[in-house]
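Here the structure is laid out as structure tokens; the discussion comes afterwards.
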Amino acid sequence: MAAVGRDRAVVWWLALDSVDPGDWPRLRALLAAEERARADRFHFERDGLVYTAAHALCRGLLSAATGLPPEGWAFSVGAHGKPEVLSPRDGPQLRVNISHTRGLAAVALTAEHDIGVDVEWLERHPHVDELAGRMFAEREREQLAAVPDAQRIEAFLRFWTRKEAYVKAIGKGLSQPLDAFSFELDQPGIHFADPNADDPARWHFDEIRPGPEHLLALAICHPEPARLTVEIGPAPLAYLTSLASEISSSETAEPGRTSRR
Ligand SMILES: CC(C)(COP(=O)(O)OP(=O)(O)OC[C@H]1O[C@@H](n2cnc3c(N)ncnc32)[C@H](O)[C@@H]1OP(=O)(O)O)[C@@H](O)C(=O)NCCC(=O)NCCS
């Protein structure tokens, strides 16, 4: 159902307002027990739900790509916190990454190659000038300064999602200085301040708007990006809920947990 391989990647996103209240216990049922416990520890219910959505997407997409059950997946954690899925011994090395923001979760899956995804809520109001001044490359700061005030937050977040997708793909997160590489606002491709640091020709980026309130960026490292096929679209919610109904676990449906907004 999801064709994933060394030259193929799939990205699913899920908008929280597209989930029927009755579907949440089913999405929750796809999670491992420790993930359900972590979802319950968020102070705000909306944060627990988007965490649940992201991890249900992750397990659901892994299952759609392999036919293996969602509850069986286990993950290791890299030096800077990047989770890596433990792939079945006889299959390709799967590579997965998730992202969640207010109202939206996403997962990106491929095989073998580094992959990173980032989603952001466009209604957030970060301190754009302060953050860009402290973290962005000079070329990006110049481009931002030329953008009219009304469009500056969106322009900032377009840089930000691509930068986060890259640092998530390489697994370093924010331990990677964000001014060591840069983007052009309206052109694909990455530029490295130190030409020996990395090779722009082996990076593929996508940037889309899953809806009016969100941005999504994807980064994949591939020896020949032209060979890549990337499918990006809304998650098949009916498939995810049907997967959940195949799981029989007494722990899954826990009605009545206290929730806060
Ligand atoms: C952790 C980080 C990699 C991404 O953080 P983020 O953008 O807040 O969060 P996202 O939702 O995109 O990604 C979180 C997921 O990435 C994964 N992740 C964690 N560390 C990672 C790393 N080093 N590399 C790649 N992925 C990582 C995890 O699966 C995590 O989800 P989980 O905790 O539910 O398992 C890091 O870059 C960070 O802390 N960013 C700061 C965010 C920030 O300041 N935003 C302000 C924007 S204006």
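The values are calculated or read from the model by the stated rules, or taken from the named source; none is laboratory data. All values derive from a computational prediction rather than experimental measurement. Neighbour counts are summed over all protein chains in view; Cβ atoms, including those assigned to glycine, are modelled from backbone coordinates with ideal geometry. Note: accessible area is taken over every heavy atom of the protein model, side chains too, but ligands, DNA and RNA are not part of it. Shrake-Rupley method; radii C 1.70, N 1.55, O 1.52, S 1.80 Å.
Taking ALA165, is it open to solvent by less than 40 Å² (accessible area, probe 1.4 Å), of a type in the set (Gly, Ala, Ser), closer than 21 Å to VAL128 by Cβ and out of contact with any Asp or Glu (no Cβ under 9 Å at 6 or more places or on another chain)?
no
Tally the residues that are closer than 16 Å to LEU16 by Cβ, part of a helix (DSSP H, G or I) and within 15 Å of the ligand (Cβ to nearest atom), restricting the search to segment 26-57. Working first, answer last.
Taking segment 26-57 as the starting set, the residues that turn out to be closer than 16 Å to LEU16 by Cβ are 26-28, 30-31, 39, 42, 44-57.
Next, only the ones that are part of a helix (DSSP H, G or I) stay: 26-28, 39, 45-57.
Now restrict to residues that are within 15 Å of the ligand (Cβ to nearest atom): 27-28, 39, 46-57.
The total comes to 15.
Suppose we filter segment 174-230 for residues that are open to solvent by 20 Å² or more (accessible area, probe 1.4 Å), of a type outside the set (A, V, I, L, M) and within 14 Å of the chain's Cα centre (by Cα); how many remain?
Adding up the residues that qualify gives 5.
Please verify whether ALA3 is small (Gly, Ala, Ser), more than 21 Å from VAL119 (Cα to Cα), open to solvent by 20 Å² or more (accessible area, probe 1.4 Å) and not in a helix (DSSP H, G or I), treating the condition exactly as stated.
yes
Which of the numbered conditions does ALA32 fail, given that it passes all the others? Conditions: (1) surrounded by fewer than 15 Cβ atoms within 10 Å (Cβ to Cβ); (2) among the hydrophobic types (A, V, I, L, M, F, W, C); (3) without any contact (Cβ under 8 Å) to a residue 60 or more places away in the chain.
If we test ALA32 against (1) surrounded by fewer than 15 Cβ atoms within 10 Å (Cβ to Cβ); (2) among the hydrophobic types (A, V, I, L, M, F, W, C); (3) without any contact (Cβ under 8 Å) to a residue 60 or more places away in the chain, just (1) comes out false.
Scan segment 85-101 for residues that are free of Cβ contacts under 8 Å to residues at least 60 places away in the same chain and near the ligand (Cβ under 9 Å from one of its atoms) and jot them down.
At the first step, the residues of segment 85-101 found to be free of Cβ contacts under 8 Å to residues at least 60 places away in the same chain are 85-91, 93, 95-96, 98, 100.
Scanning segment 85-101 gives VAL96, ILE98, HIS100.
The conditions are (1) open to solvent by 40 Å² or more (accessible area, probe 1.4 Å); (2) closer than 29 Å to LEU14 by Cβ; (3) touching a residue at least 24 places away in the same chain (Cβ under 8 Å); (4) not aliphatic (A, V, I, L, M), and ARG139 fails exactly one of them. Which is it?
Exception for ARG139: condition (2).
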